[in-house]
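Written below as structure tokens is the structure these notes are about.
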Amino acid sequence: MSQRSTSLLETGLDRVRATVTTATKELRRVQKRVDVQRRTLEKRVASRRKALEKRAATELDRVLGQVRGSSLARTADALRLGATRQIEAGLETVLGALQIPTRSELERIDRKLAQISRKLKDLEKGSAAAA
């Protein structure tokens, strides 16, 4: 009886091993198939995304062209330029009244100071060489 139970146990273990081997092979096959389908899906999604982006960019360019070409956009741009000029003129008036120099005046003063500094360095070098 012990011989029979041992062979029965071995037969059962062999069946379990065969089932595990078969299940492992099947699992690998399914994993490969899923991996292939995943890659295919990724490619399709990337392709469709690029196509949508291209269509969106084309449509955006078309709409922007229409907006820029409209009389309303031209009027808004002209109003913006006029308002900018008026603000700059008003700002210069206020700064002048408060005796605050404008940017262009500060840049002119900075250039003159740089020129004077160069001349002073040249004079210092000349007096150092003469001494």
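Values quoted throughout were computed directly from the atomic coordinates according to the rules given, and no laboratory measurement underlies them. Note that the coordinates shown come from a computational prediction; the quantities given were computed from them, not determined experimentally. Glycine gets a Cβ as well: all are built from the backbone with ideal geometry, and neighbour counts include every protein chain shown.
Within the range 71-112, the set of residues being of a type in the set (S, T, N, Q) and in a helix (DSSP H, G or I) comprises Ser71, Thr75, Thr84, Gln86, Thr93, Ser104. For the range 58-70, the count of residues that are surrounded by 10 or more Cβ atoms within 10 Å (Cβ to Cβ), outside any helix (DSSP H, G or I) and either touching a helix residue (DSSP H, G or I) at 6+ places or on another chain (Cβ under 8 Å) or not charged (D, E, K, R) (or both) is nonzero.
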